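Have a look at the structure below, then the notes.
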Amino acid sequence: MTAQTATETAATRSTGGRVRRGRRWIERWDPEDEAFWRESGERIARRNLVLSVLTEHIGFSVWSLWSVMVLFMGPEYGIDPAGKFFLVAVPTAVGAVLRVPYTFAVARFGGRNWTVFSALLLVVPAVAAAIVMEPGTPYGVFLAVAALAGVGGGNFASSMTNINAFFPLRRKGWALGLNAGGGNLGVPVVQLLGLLVIGTAGAARPRLVLAVYLPLIVLAAVLAALFMDNLGPVANDAGAAVAAARDRHTWVMALLYVGTFGSFIGYSFAFGLVLQSQFARTPLQAASLTFLGPLLGSLARPAGGWLADRYGGARITLGGFVAMGLATGAVLAASAAHSLSLFLAGFTALFLLTGLGNGATYKMIPGIFLARAVHRGLAGEAAAAEGRRLSGAAMGLIGAVGALGGLGINLAFREAFAATGSGAGAFAAFLVFYVVCGVVTWAVYVRRPERGTAVEEPDGARRTVYADV
């Protein structure tokens, strides 16, 4: 046992915890206890957050891998733009479906254990892509291998559920925003790597991208195995999943998350293809532009969580949808005028705003369920525990539905380009959807907010539970 582990184990025991199943299991975890948080909790939570960001980051890179691989697919591959849009849509759909079981895997196997396994699983789609990436491969084989990359999308759900349990409610916006934003950065990073390969080795060397990621996947799994922790109190609770599914707020938030995260991941996968198909950009020209939007969106997500902690997630989310509508209007105008500069400005603004919205909406989830627990008459730690229980289950469902928004975006682009050769029809549909999301946010969470009040429960230490969406 290392000195650091021994110190943390002693700190855990000093606050009443015990390690029953091995040194990487923590049997007592109460982040709302301010004394516990100061003495040992914050240090342990931050370490797990850093490693969670790393593994989720690589997961996002693998999930978005085919948004890069299609840039290497020249005319010799025999795949038209509609076929390429469908190819990048497949891992989006698979990742969305996998988010539900990945959410509950944390409670079943432990956050650290599942992180190790899910990281190693990323080797499969990376190796498979390296095998099939050459002209002459049947389109059906490409679809099957692209589907394997969906496991990278599942990683987000387990990572967010795990980190949600580590942090107190007053820090969740920042922690979840940083975790998700660091993970989202996997999208522009793999796109930058694709740009580097195309710019130096040419568009015939896609396997170089995969050669970089294979050792990184193994490294992330090893670090997670050595330094992450499992939380014993996070017990598998099928009742929480049922209760979350029956709560209308789960589905309202899922709709809003379609608008924020669904837009982010859908645009990230489709941006390069839109530039190639609508503005006749070469693979190198497209790759040199596609990374900027996902990069800004990823960096904005922690800022969205921080702003939500400070001003309320509902207000920031509503402002985000209003601004997304304006940016989409600019993109539509650029499409009509065939203005690449205006199109890039509007699309980049969309990415930035989806990132802010992502952080704000995820901050809302634990606050909503804590507020509802308070309204049902619970108080103190009982309210906090019920809020964590239901919000953790709801995150899996919300994340899965939100990711399906990315599938919808790619399918909308596919149909628009197949029908008219332009993405304008798809953007018009997106604009209408953002208006709907803004109205729902205002009606449900801004006009009549679902929020509790601060609760203090003295029991030797001072505890404060914040419920503000």
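The values are calculated or read from the model by the stated rules, or taken from the named source; none is laboratory data. Predicted, not measured: the structure shown is a model, and the values here were computed from it. Ideal geometry is used to build each Cβ from the backbone, glycine not excepted, and the neighbour counts take in all protein chains shown. Please note that ligands, DNA and RNA were not included when accessible areas were found on the heavy atoms of the full protein model with its side chains. Shrake-Rupley method; radii C 1.70, N 1.55, O 1.52, S 1.80 Å.
Assuming R0 = 35 Å, what is the FRET efficiency of Val218 and Gln285, from their Cβ-Cβ distance, to the nearest 0.05?
That gives a FRET efficiency of 0.55.
Once the Cα gyration tensor of segment 14-168 is found, what semi-axes does its equivalent ellipsoid get, as square roots of 5 times the eigenvalues, in whole Å, sorted largest first? Walk me through the intermediate numbers first.
Numbers: eigenvalues 321, 33, 27 Å².
Values for segment 14-168, descending: 40, 13, 12 Å.
Once amide H atoms are placed 1.01 Å from N in the peptide plane, what residues at a sequence separation of 5 or more from Asn230, or on another chain, have their amide H within under 5 Å of its amide H?
Trp25, Ile26, Arg112
Relative to the longest principal axis of the C-alpha atoms of the chain, give the angle of the C-alpha long axis of helix 139-148, reported between 0 and 90° and rounded to the nearest 10°.
Between helix and principal axis, roughly 20 degrees.
Each residue of segment 54-62 in turn: what ³J(HN,Hα) in whole Hz from Karplus with 6.51, -1.76, 1.60 and θ = phi - 60°, glycine and Pro shown as x?
Values per residue, Gly and Pro as x: 4, 5, 5, 4, 5, x, 5, 4, 5 Hz.
Taking the chain as the reference, fit the longest principal axis to its C-alpha atoms, fit the long axis of helix 3-14 to the helix C-alpha atoms, and give the angle between the two in degrees, 0 to 90, nearest 10.
The angle comes out near 50 degrees.
Ordering His338, His249, His57 by accessible area with a probe of 1.4 Å, largest first, what comes out? Kindly include the intermediate steps, with their values, before the conclusion.
Values: His338 145, His249 0, His57 40 Å².
The ordering from most to least exposed comes out as His338, His57, His249.
Determine the share of the chain's accessible area contributed by carbon and sulfur atoms, expressed in whole percent, with a 1.4 angstrom probe.
Of the solvent-accessible surface of the chain, carbon and sulfur hold 66 percent.
For segment 176-195 and segment 395-413, what is the separation of their Cα centres, given in Å?
Computed from Cα coordinates, the inter-centre distance equals 18 Å.
Residue by residue, what Karplus-based ³J(HN,Hα) values in Hz, rounded to whole numbers, does segment 306-323 have, using 6.51, -1.76 and 1.60 with θ = phi - 60° and x for Gly and Pro?
Per residue, the Karplus-derived 3J(HN,Hα) values read 5, 4, 5, 4, 8, 10, x, x, 5, 5, 5, 5, 4, x, x, 5, 4, 5 Hz.
Between Glu39 and Glu381, 0.36 nm times their residue separation minus their Cα-Cα distance comes to what?
Between Glu39 and Glu381, full extension yields an extra 121.2 nm.
Please give the contour-minus-distance gain from Val97 to Ser341: 0.36 nm per residue of separation, less the Cα-Cα distance, rounded to one decimal in nm. Write out the running numbers ahead of the final one.
On the way: separation 244, 0.36 × 244 = 87.84 nm, distance 3.63 nm.
Using 0.36 nm per residue and subtracting the Cα-Cα distance, I get 84.2 nm.
Using the Karplus equation 6.51 cos²θ - 1.76 cosθ + 1.60 (θ = phi - 60°), what ³J(HN,Hα) coupling, rounded to whole Hz, does each residue of segment 181-189 give in order, writing x for Gly and Pro?
x, x, x, 4, 4, x, 5, x, 5
Provide the per residue accessible area, probe 1.4 Å, for the chain, rounded to a whole number of square angstrom. Write out the running numbers ahead of the final one.
Working: 16550 Å² over 469 residues.
Averaged over the residues of the chain, the accessible area is 35 Å².
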